Amino acid sequence: MQLDTQFVRSQFPAFSEPSLEGQAFFENAGGSYTCGAVIDRLTRYYRQRKVQPYGHYEASRLAGEEMDEARARLAALLGVATDEVSFGPSTTQNTYVLAQAFRKWMGEGDAIVVTDQDHEANSGPWRRLAEAGIDVREWRIDPESGLLRLEDLEHLLDDWVRLVCFPHCSNVVGAINPVVEITAAAHAAGAFVCVDGVSYAPHGFPDVGGMGPDIYLFSAYKTYGPHQGIMVIRRELGELLPNQAHYFNAGVLYKRFTPAGPDHAQVAASAGMADYVEALAAHHGIGGEAGARGQAVHDLMRAHEVELLQPLLDAVRDRNSVRLLGPEEAGARAPTVALALNGPGAEAAAQLAKRGIMAGGGDFYAQRPLGAMGVDPEKGVLRLSFVHYTSRAEIDKLLNALDDIL
């Protein structure tokens with residue numbers, strides 16, 4: 001089955017927006033276009049239901065129902081229980097709140113494992129636990145490939161390790177880490193697992209329940225939705241950690257790690273992401289339960305991305321003036337391609353902008369992995385990132401523009 005990109009693009013108002021006409025979007029790792037279903041829900045909420053939710057009057061009742069719908073439908077796509085899904089203002093803040101819960105729960109001498117492959121949002125809050133006497137151990141990437149090796153993690157695990165934190169996919173290396181195998185190794189050592197899924201989830205909602213991590217975090221504004229952080233916290237861990245919310249919310253799992261009140265409208269609009277997945281499933285004749293439909297859509301998205309990604313990797317990997325970070329095979333990575341050039345990445349991005357290519361240059365909060373691979377974070381990289389709504393014509397346009405500037 002082939003992904004119908006014409007139908008896909010019809011679901012995103014950006015592709016019919018006159019101000020964006022003639023430009024190809026290749027900075028999706030920084031934030032995706034928003035699908036029409038999310039925009040429609042957000043507009044309806046602000047027009048009809050912008051009241052305190054969960055009251056007895058109609059507008060309030062409907063507002064609360066939409067918020068509950070978003071949580072339930074996203075949980076079904078992710079393969080977890082409804083109350084194991086929480087919303088927060090951003091993944092960075094969600095991670096910070098979780099780190100404070102672990103700070104209270106862990107004792108001096110206990111250990112956590114972090115990586116130097118991470119975006120700083122997942123690494124930084126955990127590293128700060130060293131201030132409380134917690135042993136922070138670094139699982140280091142291979143400086144040439146940028147990959148994490150499972151055998152290196154196993155050398156760090158012992159009876160003191162309480163938590164292992166790693167990315168599902170790095171926002172500059174692009175390699176897809178084997179979550180199931182890493183989680184199994186950590187669990188065998190008695191540790192919980194936190195996965196940063198921000199750079200992976202835009203390529204299809206993962207089966208979090210099937211993969212097995214205890215925490216999985218991603219950002220809705222990168223998965224075609226509003227600016228919300230979404231976190232899965234499995235029940236065993238969520239009830240074990242100390243409550244970080246109002247004391248009277250301690251008994252509600254999805255409220256325990258959201259100290260501030262949620263953004264009602266954006267939570268409600270998040271159901272539009274599930275609407276979009278359902279629309280893709282229906283259009284492509286995919287049936288079954290919600291989770292199965294979601295995984296089939298995930299596979300459609302990935303197959304399309306892999307097909308478009310390999311020509312880009314082939315075009316850049318043999319250039320003397322370019323260092324491709326991460327795997328050279330499309331099936332082993334997400335379509336987030338970081339290139340270390342002779343000059344600053346931002347300058348290359350500016351040159352591409354003149355040719356109708358919207359891309360990014362800089363360090364992308366990934367100073368640790370760049371430094372570990374010998375790339376000067378001050379110079380940064382050119383990052384070219386796309387998702388399933390990218391067309392073959394846009395890839396061709398990108399390749400032609402790269403020929404001009406490299």
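The values are calculated or read from the model by the stated rules, or taken from the named source; none is laboratory data. Since the model is a prediction, treat every value here as computed from it, not as a measurement. Neighbour counts run over all protein chains shown; Cβ positions are idealised from the backbone, glycine included. For accessibility, only protein heavy atoms count, side chains too; no ligands or nucleic acids. Shrake-Rupley method; radii C 1.70, N 1.55, O 1.52, S 1.80 Å.
So is D275 in contact (Cβ under 8 Å) with a residue 60 or more places away in the chain, closer than 19 Å to V38 by Cα and open to solvent by 50 Å² or more (accessible area, probe 1.4 Å) or not?
When the stated conditions are applied, D275 does not pass them.
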Next item on the list: Give the stretch 17-45 a look and list any residue that's free of Cβ contacts under 8 Å to residues at least 12 places away in the same chain and outside the structural domain of L382 (by the TED database), or say none.
Entry: T43, R44
Checklist line | Neighbours by Cβ (under 6 Å, 6+ apart or cross-chain): first from the stretch 323-344, within 19 Å of T390 (Cα to Cα); second part of a loop (DSSP other than H, G, I, E, B) | finding: R333/G174; R333/G326; R333/P327; A334/G174; P335/F386; T336/G174; A338/V172; A338/L325
Item checked: Which listed residue, of G285, G331, G371, is of a type outside the set (A, V, I, L, M), modelled with pLDDT of 95 or more and touching a helix residue (DSSP H, G or I) at 6+ places or on another chain (Cβ under 7 Å) -> G331
Note to self: So, in the stretch 68-81, exactly how many residues are in contact (Cβ under 8 Å) with a residue 24 or more places away in the chain, part of a helix (DSSP H, G or I) and open to solvent by 10 Å² or more (accessible area, probe 1.4 Å)?
What the structure shows: 4
Next item on the list: Please work out if N400 is in the same structural domain as A24 (by the TED database), open to solvent by 50 Å² or more (accessible area, probe 1.4 Å) and in contact with a Ser or Thr (Cβ under 6 Å, 6 or more places away or on another chain).
Entry: no
Check: Any residue at all in the stretch 300-322 that is surrounded by 17 or more Cβ atoms within 10 Å (Cβ to Cβ) and without any contact (Cβ under 8 Å) to a residue 24 or more places away in the chain?
Finding: no
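Picking from Y389, Y365, which residue would you name as being of a type in the set (F, W, Y), within 28 Å of L78 (Cα to Cα), within 17 Å of the chain's Cα centre (by Cα) and open to solvent by 10 Å² or more (accessible area, probe 1.4 Å)? Explain how you work it out, then say what you get.
On the way: Y389 fails: open to solvent by 10 Å² or more (accessible area, probe 1.4 Å).
Of the residues listed, the single one that is of a type in the set (F, W, Y), within 28 Å of L78 (Cα to Cα), within 17 Å of the chain's Cα centre (by Cα) and open to solvent by 10 Å² or more (accessible area, probe 1.4 Å) is Y365.
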Item checked: Odd one out for F248, checked against (1) closer than 30 Å to P178 by Cβ; (2) outside any loop (DSSP other than H, G, I, E, B) -> (1)
Checklist line | Matching residues, the stretch 246-262, being under 15 Å from V85 (Cβ atoms) and open to solvent by 20 Å² or more (accessible area, probe 1.4 Å) | finding: V252, Y254, K255, R256, T258, P262
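Just to check your reading of the model, which residue among G64, G55 is small (G, A, S) and in a helix (DSSP H, G or I)? Give the steps one after another, and end with the answer.
Details: G55 fails: in a helix (DSSP H, G or I).
Result of the check over G64, G55: G64.
Just checking, how many residues over the stretch 328-342 are under 19 Å from the mean Cα position of the chain (by Cα) and more than 19 Å from D396 (Cα to Cα)?
Here is the first cut: in the stretch 328-342, the ones under 19 Å from the mean Cα position of the chain (by Cα) are 330-338.
From what's left, more than 19 Å from D396 (Cα to Cα): 331-333.
Total meeting the criteria: 3.
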Notebook entry, point to check: Considering only the stretch 54-86, how many residues are of a type in the set (G, A, S), under 18 Å from A269 (Cβ atoms) and within 23 Å of the chain's Cα centre (by Cα)?
Noted result: 5
Next item on the list: Answer yes or no: is there a residue in the stretch 309-325 that is under 24 Å from G209 (Cβ atoms), assigned to a helix (DSSP H, G or I) and in contact with a helix residue (DSSP H, G or I) (Cβ under 8 Å, 6 or more places away or on another chain).
Entry: no
Note to self: Can you find a residue that is assigned by the TED database to the domain that holds D299, crowded, with 16+ Cβ neighbours inside 10 Å and on the phi > 0 side of the Ramachandran plot anywhere in the stretch 339-352?
What the structure shows: no
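Give the number of residues within the stretch 67-86 that are farther than 22 Å from V297 by Cβ and touching a helix residue (DSSP H, G or I) at 6+ places or on another chain (Cβ under 6 Å).
Step one: filter the stretch 67-86 for residues farther than 22 Å from V297 by Cβ, giving 67-68, 83, 86.
Adding the requirement that they be touching a helix residue (DSSP H, G or I) at 6+ places or on another chain (Cβ under 6 Å) leaves 67, 83, 86.
The number of residues fulfilling the criteria is 3.
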Next item on the list: Report yes if some residue within the stretch 278-294 is touching a residue at least 24 places away in the same chain (Cβ under 8 Å), part of a loop (DSSP other than H, G, I, E, B) and closer than 18 Å to A37 by Cβ; otherwise report no.
Entry: yes
Check: Given the structure, is R355 buried (at least 17 other Cβ atoms within 10 Å of the Cβ), among the basic types (K, R), over 20 Å from the mean Cα position of the chain (by Cα) and not in a helix (DSSP H, G or I)?
Finding: no
